[in-house]
Amino acid sequence: MECSINRGPEVINNIAIIGANMAGARAAESLRSAGYDGDIHLIGEEPWRPYERPPLSKEFLWEGGVPSGNFYLHDEHWYAANRVDLRLGVRASAIDLRAGTVTLASGETLQADRILLSTGGAARRLPLPGAEATNVHHLRTLGDATGLAADLRPGAQIVIVGMGVIGAEVAASARRMGCSVTAVEPFAAPMIRALGDRFGAWLGDYHRKQGVRALYGRSVKGLRLSGGRVCAVILDDGEELACDAVVVGIGIVPAVELAKDAGLMLGNGIMVDAQCRTSNPAVFAAGDVADQPDFFGGRVRMETYQNAAEQGAAAAAAMLGQPVEYCRPCWFWSDQYDLNIQVTGRIDAQKQVIMRGRVEDDAFCAFFLSGDLVTGALTANRSADMGVAKRLVERRARVEPARLADPDVPLREILKQSAS
Amino acid sequence: MERIRLCPIDGPKDDEPVAIPAGAYPPLAVYKVDGKFYVTSNICTHGNAHLTDGYQDGATIECPFHGGAFDIPTGAATTYPCQIALKTYAVTIEDGWVTIDAPGEPEG
């Protein structure tokens, strides 16, 4: 692509970050800690300064829709103190790669020598009539969570559509809050893409024991409306689930519109290289929206907290011309009921699985091996094992499977002795 | 000043902290970093995890739940999602024990 920003000598005085979220805020913070002294515009469509999304399906709901003490990434004075021009509640409507500008929906135009697209994604809407009713909740933003919190009343009948991470966490929160919960999931188990069949089935059992009525292998065909609200969810087989509110967790759609309009290369998101650079050398992307090189080869788009934070920081360094090679295995956690579940790397049923602890005890660590190479791990209430597991995967460690399987061999010792 | 004995000095090893259950103090973590001993609260300021279940790498302790991290000598939060510093305690080595000062009389 020929259209590069006319940036003259490599002196960067203006950086625009589009997306005032984890990736964007981390980028702004990293620019300043790297000594960058020029302008930073941090532009967010949401009206709130950057905040933590993980609590939105958990603590934020239990605490009645009130943000906890460390909900926001920075206090409100941080932005002015660090000369970050924070623009909230305004959409960036266009980027002009030749002129080196970002145009806001307000009509204002900002100069930008470098642009970071940390635009994230939007919750995928349920494509059915009635999905815009006030008691149908999608969950992505603080505003979404505030609306949902108001409907999670003790005794309320909640139908969860989709048992991915968001659906499963909200199901657990709703049970905790005394709601009656029915979940509908087309796959055979919750979080099956993240956990695989075997551990997905384990988690499905766990939800059942916690009183969730879960209907797997079923899908939603329609919504029955009454007085502007959805009063029942209609399934593919005609069964109707009466409800007070519906929670839809069917994934996100990456926000690629700006990139698309600017002619940047798209894949499953905005294509970037290991320098977080798009097909235009002055434009970078990070976080949920970035289609990036996969640690295991090929490409991947990651919707994880860790990736948003670390790729945002990596993109900041790359925008300043520092050497960057960002390519990490995924890592994420999910807290449901009294379970802390963590996954790193690739969970692949085809691989050899080595267990520490027992699935029946709801406390285990499963290592996934390709030969003697540790390619992934899953822990449930064995978080102490994950610190080592993450490093085994990151370092492409080769281990002796028999020692990994021996509970008497400390994992730290295996890490120390592993060859990579 | 009365001192509280937490653990013998051969307890914590480099990168292998020791958990001290709550007593006169909240749960504590005792670390050894380059031959020196440090004590912090053992409860992450973000989640509800015990830091001694986390991954110590030299002077850094990584929380086992959500991957945040703290600087052990100062307690400062160094990695998201941790933002609030850990409480740290001054250590005295006495008769082969890692000790800290007993809590004073509550004021007011």
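Readers should treat all values here as calculations from the given coordinates under stated rules, not as data from a laboratory. Here the structure is a predicted model, which is why all the values come from computation and not from measurement. As a convention, Cβ positions derive from the backbone with ideal geometry for all residues, glycine included, and neighbour counts pool all protein chains shown.
One table, with the values for the structure above:
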{"item": "Largest-first principal axis extents, alpha carbons of segment A:44-111, Å", "result": "48, 26, 17"}
{"item": "Shielding of B:61-72 by partner chains, average beta-carbon count, 10 Å", "result": "4"}
{"item": "Relative contact order [Cα under 8 Å, 6+ residues apart], chain A, whole percent", "result": "14"}
{"item": "25 Å Cα cut-off, lysine pairs counted over chain A (separation 8 or more, or different chains)", "result": "5"}
{"item": "Share, in percent, of DSSP beta bridges within the protein assembly as shown that are antiparallel, nearest 5", "result": "70"}
{"item": "Segment A:305-360 shape via C-alpha gyration tensor axes, a/c threshold 1.5", "result": "oblate"}
{"item": "Space enclosed by the convex hull of the alpha-carbon atoms of segment A:338-419, per residue, Å³", "result": "82"}
{"item": "Other protein chain Cβ atoms within 10 Å, averaged over every residue that makes up B:40-49", "result": "2"}
{"item": "Farthest toward positive dipole pole in the protein assembly as shown [+1 Lys/Arg, -1 Asp/Glu at C-beta], among B:23, A:200, B:9", "result": "A:200"}
{"item": "Compactness relative to 2.2 N^0.38 Å, alpha carbon Rg of segment A:91-239", "result": "1.33"}
{"item": "Cβ-based charge dipole, chain A, positive-most Cα from A:187, A:159, A:56", "result": "A:187"}
{"item": "Loop trypsin sites (Lys or Arg not before Pro), segment A:129-212 (other Cβ atoms within 10 Å of the site Cβ: 15 or fewer; DSSP)", "result": "none"}
{"item": "Largest to smallest principal axis extent of the C-alpha atoms in chain A, angstrom", "result": "65, 63, 39"}
{"item": "Top positive-direction residue, dipole computed over segment A:294-371 with Cβ charges, set A:367, A:306, A:324", "result": "A:324"}
{"item": "Packing-based ranking, highest mean first, of A:392-399, A:317-324, B:22-29, B:87-94 given that Cβ atoms within 10 Å are counted", "result": "A:392-399, A:317-324, B:22-29, B:87-94"}
{"item": "Reachable aspartates and glutamates, given that their alpha-carbon falls under 16 Å from the alpha-carbon of residue B:87 and they are not under 8 places away in the same chain", "result": "B:62, B:71, B:101"}
{"item": "DSSP beta bridges in segment A:125-250 [antiparallel fraction, %, rounded to 5]", "result": "35"}
{"item": "Kirkwood-type radius of chain B, with distances r between different C-alpha atoms, in Å", "result": "13.8"}
{"item": "Within chain A, helix-based [θ] at 222 nm, where runs of 4 or more DSSP H residues each add -39,500 (n - 2.57), nearest 500", "result": "-7000 deg cm²/dmol"}
{"item": "³J(HN,Hα), Karplus 6.51/-1.76/1.60, whole Hz, each residue of segment A:227-238, x for Gly, Pro", "result": "x, x, 10, 7, 10, 7, 9, 9, 8, 4, 8, x"}
{"item": "Segment A:85-134 - Kirkwood radius from inverse mean 1/r over Cα pairs (Å)", "result": "13.4"}
{"item": "Chain B: antiparallel DSSP beta bridges as a percent of all, rounded to 5", "result": "95"}
{"item": "Sparse-neighbourhood loop sites, GluC sites (Glu not before Pro) in segment A:286-354 - DSSP loop, at most 14 other Cβ within 10 angstrom", "result": "A:325"}
